[in-house]
Amino acid sequence: MSFSAPAVRRVIATCVFSGAMLCASGAIAAADPPNCTAADLARVSSGVSNATSDYLFSHPDVNNFFTGLRGQNRDEMRNNAQSYLSANPAIKADLENIRRPLNEFKSRCQ
């Protein structure tokens, strides 16, 4: 089965944005520290989403792996992704670096 590039981008963007909203929802509900607003979260999330998309398009093997997770249940998806990233530490490091701004936002805005 083949997926179009926009479909893959939508899936990844949805995952990144949904995860970011869940992680930061507590921070937004409390008194917001500077640069911890919903708009800030959206900006950081979109930057991470764009960087992830760029990375996946420039690494078709990684893109194909993550596209292939579609349709699996959450546990299968998580286990397969963890196994893949454990077997590919350079890819894991690249993706962690891409997600760093979102993780820093989460830490700063708890």
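A few points about this structure:
- Enumeration of residues in the range 35-45 that are of a type outside the set (A, V, I, L, M), touching a helix residue (DSSP H, G or I) at 6+ places or on another chain (Cβ under 9 Å) and without any contact (Cβ under 8 Å) to a residue 24 or more places away in the chain: T37
Conditions (1) touching a residue at least 24 places away in the same chain (Cβ under 8 Å); (2) under 29 Å from P33 (Cβ atoms); (3) assigned to a helix (DSSP H, G or I), marked per residue:
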{"site": "G47", "(1), (2), (3)": "yes, yes, yes"}
{"site": "M77", "(1), (2), (3)": "no, no, yes"}
{"site": "Y84", "(1), (2), (3)": "no, no, yes"}
{"site": "N97", "(1), (2), (3)": "no, yes, yes"}
{"site": "Q110", "(1), (2), (3)": "yes, yes, no"}
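- Qualifying residue in the range 66-77 (condition: under 22 Å from G47 (Cα atoms) and small (G, A, S)): no
- Picking from residues in the range 83-109 that are more than 14 Å from the chain's Cα centre (by Cα) and over 17 Å from T52 (Cα atoms), the one that is surrounded by the most Cβ atoms within 10 Å (Cβ to Cβ) is C109.
- Residue in the range 45-59 that is at pLDDT 95 or above, on the phi < 0 side of the Ramachandran plot and exposed (fewer than 11 other Cβ atoms within 10 Å of the Cβ) present: yes
- Annotation note: of G26, G19, G71, the sole residue that is on the phi > 0 side of the Ramachandran plot and either surrounded by fewer than 12 Cβ atoms within 10 Å (Cβ to Cβ) or modelled with pLDDT under 95 (or both) is G71.
The values are calculated or read from the model by the stated rules, or taken from the named source; none is laboratory data. Computed from a predicted model, the values in this text were never measured in an experiment. Neighbour counts are summed over all protein chains in view; Cβ atoms, including those assigned to glycine, are modelled from backbone coordinates with ideal geometry.
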